[in-house]
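> One structure, pasted below without further comment.
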Ligand code: TRP
């Protein structure tokens, strides 16, 4: 029996290279080795976008196109939509009784995001208890591993606390999960910010045109002290080198370029041109496939529906165990 891996994305926009390095590439490698579930967490996107239901629906389609274009294969990975699994809401409501307000307020992931979004006391309750619904996501599918970035580790910890408390109170139904770090690390934004994100305006999207990619790479942060070609330049903190390390298959050549840059005599423009070519090699086939896939909206959403039906079967299986353990109907 294969182990179970489960991850998800909130559909808040199209996916970018940060997603590719931080999660998509990993999912492609896990596909086939694990019984993999990938969830589009539409209802979790609503915890901080309650009025934007149409955007969330549109982004669900866009994210689905991104998944399929990079090669997440619905035959090998169950891709599903959170709003199509009522058992998740049922389980969340029982879990809410197992978590205190002070525990919810201490969650570092939520604390950070609350600060970013400027919520303070006006935080929607749904957002505050987001870790509890994410715990339901993880535990309902009896996940062995949750492949996520470090920022999401507190979510897995919360899930495990709930699993233990549940099992202690009602009987051994739920399984502890482990976070699984990405084998490919993470990617900074174009401006050198540690996080690539749509809202920071520092992202290259998988669907960007060749011209957009080129324009964005040309704005990339390098070494502000490296002004003239003969100047010595810094490699550390230089986003172009970070991206070459992540995407350029010719590691020997990259090592040479680094040495040359540090010594002086290598200009930023020449370096960026190389990166444009390297990225184009990755993105061109993705872009082509994506354009093709996006033409048939019904087919794309049909695949999501099919995955959701399949996930629903697994969901009901655990949920009936939960109800029985809790002496419910
Ligand atoms: N919180 C995750 C994010 O913001 C998305 C997510 C929702 C998730 N449910 C999940 C990730 C369950 C892993 C497992 O990226």
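> For the stretch 146-300, take every pair of Cα atoms, bin their distances at 10 Å starting from 0, and report each bin as a whole percent.
Percent of pairs per bin, in order: 9, 28, 26, 18, 12, 5, 1, 0.
> Largest first and in whole Å, what are the equivalent-ellipsoid semi-axes of the chain based on the Cα gyration tensor, each being the root of 5 times an eigenvalue?
On the way: eigenvalues 310, 95, 66 Å².
Output for the chain: semi-axes of 39, 22, 18 Å.
> Between 0 and 90 degrees, rounded to the nearest ten: what's the tilt of helix 86-95 against the longest Cα principal axis of the chain?
That works out to roughly 80 degrees.
> OK, next. What is the helix-to-structure angle for 297-325, meaning the angle in degrees between its Cα long axis and the longest Cα principal axis of the chain, kept from 0 to 90 and rounded to the nearest 10?
Rounded to the nearest ten degrees, it is 40.
> Given the alpha-carbon gyration tensor of the stretch 1-160, what are the semi-axes of its equivalent ellipsoid in whole angstrom, ordered largest first, with each equal to the square root of 5 times an eigenvalue? Spell out each step's value before the answer.
Details: eigenvalues 122, 69, 43 Å².
Largest first, the stretch 1-160 gives 25, 19, 15 Å.
> Label-point separation (nm) for residue 256 and residue 288, each offset 7 Å from Cα along Cα-to-Cβ?
So the two model labels end up 2.9 nm from each other.
> What nm distance separates the two modelled labels at residue 263 and residue 57, each placed 7 Å from Cα along Cα→Cβ?
6.1 nm
> Also: Can you tell me, using C-alpha contacts under 8 Å and at least 6 residues apart, the relative contact order of the chain as a whole percent? Could you put the intermediate results ahead of the total?
On the way: 488 pairs, mean separation 74.7, N = 329.
Answer for the chain is 23 percent.
> Could I ask something else about it? In the chain, what % of DSSP beta bridges are antiparallel (nearest 5)? Mind dumping the intermediate values first?
Working: 1 of 17 bridges.
The antiparallel fraction comes to roughly 5 percent.
> Counting each DSSP H run of 4 or more residues in the chain as -39500 (n - 2.57), what helix-only mean residue ellipticity at 222 nm follows after dividing by all residues, to the nearest 500 deg cm²/dmol? Mind showing how you got there, number by number?
Details: 14 runs with 174 residues, N = 329.
Estimated from H runs of four or more residues: -16500 deg cm²/dmol.
> Give the relative contact order (percent, whole number) for the stretch 210-291; include only Cα pairs under 8 Å separated by 6+ residues.
Details: 75 pairs, mean separation 28.2, N = 82.
Value for the stretch 210-291: 34 percent.
> Which log10 I(q)/I(0) values, to two decimals, does the stretch 210-291 give at q = 0.11, 0.15, 0.17, 0.19 Å⁻¹ under the Debye formula with one point per Cα?
The Cα Debye sum returns log10 ratios of -0.29, -0.52, -0.65, -0.79.
> Relative to the longest principal axis of the chain, what angle (0 to 90°, nearest 10) does the C-alpha long axis of helix 108-117 take?
Once rounded, the angle reads 60 degrees.
Read the figures in this text as sums done on the coordinates, not as results from a lab. Since we're looking at a predicted model, the values are computed, not measured. Positions of Cβ are backbone-derived with ideal geometry, glycine not excepted, and every protein chain shown enters the neighbour counts.
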